1. For the stretch 136-271, what relative contact order do you get, as a whole percent, if you take Cα pairs closer than 8 Å and at least 6 residues apart?
2. In Å², what does the accessible area per residue of the stretch 136-271 work out to with a 1.4 Å probe?
3. Using only helices, what value at 222 nm comes out for the chain when you add -39,500 (n - 2.57) per DSSP H run of length 4 or more and divide by the total residues, to the nearest 500 deg cm²/dmol?
4. Could you look at the chain and say what percent of its accessible area is carbon and sulfur, using a 1.4 Å probe and all protein chains?
5. Determine the sum of side-chain charges near residue 186: Lys and Arg each +1, Asp and Glu each -1, restricted to other residues whose C-beta is under 15 angstrom from that of residue 186.
6. Provide the gained length on full extension for the span residue 182 to residue 236, in nm with one decimal, where the gain is 0.36 nm per separating residue minus the Cα-Cα distance.
7. Taking the convex hull of the Cα atoms, report for the chain its projected area averaged over all directions, in nm².
8. Rounding to the nearest 20 debye, state how big the charge dipole of the chain is about its Cα centre with +1 on each Lys and Arg Cβ and -1 on each Asp and Glu Cβ.
Amino acid sequence: MRFAKLSLIVLILLAVLVPAASAQENGAGLTIGFSQIGSESAWRTAFTEAVQAEAEARGINLLFSDAQQSQENQIAAMRAWLAQGDVDAIVLAPVIESGWDDVLQEAADAGVPVIIVDRNVDSDPSLYVTRVSSDFVHEGRLAAAWLAAATSGNCNIVELYGTVGSAAAEDRHTGFSQVIDLFSNMTIIQSETGNFVRTEGKAVMESILSSEDPANICAVFAHNDDMAIGAIEAIKEAGLVPAQDILVVSVDAIPDIFDSMDAGETNATVELSPFMGGPAFDAVVATLNGEELPKWIPVGGGLYTSRAAYDADH
Ligand code: GYE
């Protein structure tokens, strides 16, 4: 009887004194839910593929959900993972900034850490571990600075907006506007959303070219390369020369935009790295091991006006 009591005491002491099993350094064996926005652009697809490849290389069991641009679908996927209790952490690429407080609180209550990637949420930062993303405001500023230099500060601009309410669109617009507002002759004369989608970017540009005197349009600033490529098609079909009659600057640095650049049909792109899976998974491991993390882990990127310059940096 005494031995049984002693064994119980030892077991209790071990449970209290021995730290919970820590996550392996690279996350091997963890189950992580990845709530992805959708597949609206070539960059998004590249981002998905990069995260999946990183998970496979690390031996992480990735539960993947494509929300098809729906916040409702993203929240439902997160709640399913929490209800099943089978995820060690969640990586969330939030389609828009607002509406996440409840599900993030539910994850916190369940002890499941959440890493924000790519875009942003307007929830209290205490509800997520960290955010791995680029600086969208800086991307907008870079695009505007290039355009100001290319036009000596004189340009009527068409803006192809990303998904309204998304951090990527709102912040790129903010940064772009901050710079062009420094020039009295730089004005956004038309701004309309193409939802980061190539076909929608083309349709919006077609509509603007039919309603606005094309001679009054100096440049297009597209919040992503896919909409820029759509706009380039519309400009050509209108009998104009893209990158000459109408300058084109965008964001993402996807392979297709460099094909357009090689053809002389676009002028500049700001890089957005799709390789955020590594830093996100490292953050999962760190937080599971009890480490404190900064609330933002930035990924950077420069502005490129040629494939050669991009290739020289990669
Ligand atoms: O620029 C675009 C994608 O969230 C920053 O979303 C990302 C943006 C990216 O649709 O191609």
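The values are calculated or read from the model by the stated rules, or taken from the named source; none is laboratory data. Keep in mind the model is a prediction, meaning the values are calculated, not measured. All Cβ positions, glycine included, derive from the backbone under ideal geometry; neighbour counts span all protein chains shown. Protein only, heavy atoms only, side chains kept; ligands, DNA and RNA dropped before computing areas. Shrake-Rupley method; radii C 1.70, N 1.55, O 1.52, S 1.80 Å.
1. Across the stretch 136-271, relative contact order equals 25 percent.
2. That works out to 35 Å² for each residue.
3. Computed mean residue ellipticity for the chain: -14000 deg cm²/dmol.
4. 53 percent
5. Result for the local shell: -1.
6. 16.3 nm
7. Orientation-averaged projected area of the Cα hull: 18.4 nm².
8. 1040 debye
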